[in-house]
1. If you take the residues in the stretch 352-363 that are within 34 Å of the chain's Cα centre (by Cα) and either surrounded by fewer than 15 Cβ atoms within 10 Å (Cβ to Cβ) or outside the structural domain of residue 291 (by TED's automatic domain parsing) (or both), which one is modelled with the highest pLDDT?
2. Would you confirm, using the coordinates I've provided, whether residue 382 is surrounded by 15 or more Cβ atoms within 10 Å (Cβ to Cβ), part of a loop (DSSP other than H, G, I, E, B), out of contact with any helix residue (DSSP H, G or I) (no Cβ under 6 Å at 6 or more places or on another chain) and modelled with pLDDT under 90?
3. For the stretch 175-194, check the following and say yes or no: at least one residue is touching a helix residue (DSSP H, G or I) at 6+ places or on another chain (Cβ under 8 Å), surrounded by fewer than 17 Cβ atoms within 10 Å (Cβ to Cβ) and closer than 28 Å to residue 108 by Cα.
4. Please tell me if residue 377 is in contact (Cβ under 8 Å) with a residue 40 or more places away in the chain, out of contact with any strand residue (DSSP E or B) (no Cβ under 9 Å at 6 or more places or on another chain) and in the same structural domain as residue 313 (by TED's automatic domain parsing).
5. Please state which of the following conditions residue 303 fails to meet, knowing it meets all the rest: (1) within 33 Å of the chain's Cα centre (by Cα); (2) within 20 Å of residue 260 (Cα to Cα).
6. Taking into account only those residues within the stretch 250-289 that are under 13 Å from the mean Cα position of the chain (by Cα) and outside any strand (DSSP E or B), which is modelled with the highest pLDDT?
């Protein structure tokens, strides 16, 4: 009898424990079912095509000032959101409604776990089949891409909020828009990897490589707090003089007139620059440009401004060096061939310049060193460019009248 009572109590306790376990299991099953149902509801509501398109469009639109549209959206839980036919309108309004940029396919990568809690968060963006049309407008003096990014959205952002962006083979067209038509100036191919700044700033470090007539690569920083684009390494891609002049003008308004005045030809790329993201007029802004395989010519009077560069006497070929240009000055430091003689030259030009500026309005300093330099001739009939130079310098003209120098000399002078 004594053995039976404890066994009954023990079985009763075991039944109570089992009942409590079953009760907890039932509640857990209910909670799990609710969680799955909630997750499924969130998943369905977040991935419904119309909602998904709006979400993707609103997300991308926060980064740009121009209107953005998407043709088609496809969702995968682990592969991200695939967008097709992404178009960015030209904020300046193209006469032919040509968009600023198009993209064949873009993938927004999200964190799958966050989606179960109704939070669609993107951490990286992959772009392929993109085309960009960078237009310089003569009437405004700046590019349509300068104020493309919605900087107020970026400013103050945390690094975690900035997605990693990678692109492959962007076809870039540099276009000049005149009063009557658009003119294609340069075409290049770009690959870009934009990484959120590791120091915690609202900035991107952009690693790029480009293909024009030659390959180039570099790194620049887009700082949304300081509103600047700054060179870290490598400068800009190598560009033709026409494209480089437009880029220089956008950075320092008025600078392209110096490049026109100097009759520049060859390949150029900007180095060690810090450019404003918005078009501004500031005399402190300047651009340093590396030049190679270039030609430079300096008109000495109004007659020479109308002549092609090859007909000016102060003309250098096979030039390599640097050009620093701003809206009221230009400074060149280079090696090149002048009158078939290799020389080292430093040329400083200063003054207010526009399309109506005459050479006599420009401050001019030339320091020159050369070995076995052939002296210019003073005969205006056989050497008009040389005689114009001599006539433009009264002391030199007087020296030629008295002594008629000719032949080769080692030269070191400052004009």
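The values are calculated or read from the model by the stated rules, or taken from the named source; none is laboratory data. Bear in mind the structure is a predicted one, so any value in this text is a computation, not a measurement. We place every Cβ from the backbone using ideal geometry, glycine too, and count neighbours over all the protein chains shown.
1. 363
2. no
3. Scanning the stretch 175-194, I find no residue that is touching a helix residue (DSSP H, G or I) at 6+ places or on another chain (Cβ under 8 Å), surrounded by fewer than 17 Cβ atoms within 10 Å (Cβ to Cβ) and closer than 28 Å to residue 108 by Cα, so the answer is no.
4. Answer is no for this residue.
5. (1)
6. This residue is 273.
A quick yes/no check of all residues on (1) at pLDDT below 85; (2) more than 15 Å from residue 323 (Cα to Cα); (3) assigned to a helix (DSSP H, G or I):
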residue: 200; (1), (2), (3): yes, yes, no
residue: 207; (1), (2), (3): no, yes, no
residue: 219; (1), (2), (3): no, yes, no
residue: 226; (1), (2), (3): yes, yes, no
residue: 243; (1), (2), (3): no, yes, yes
residue: 248; (1), (2), (3): yes, no, yes
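Conditions tested, residue by residue: (1) at pLDDT below 75; (2) within 24 Å of residue 148 (Cα to Cα).
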| position | (1), (2) |
| --- | --- |
| 80 | no, no |
| 85 | no, yes |
| 88 | no, yes |
| 93 | yes, yes |
| 99 | no, yes |
| 105 | no, yes |
| 109 | no, yes |
| 114 | yes, no |
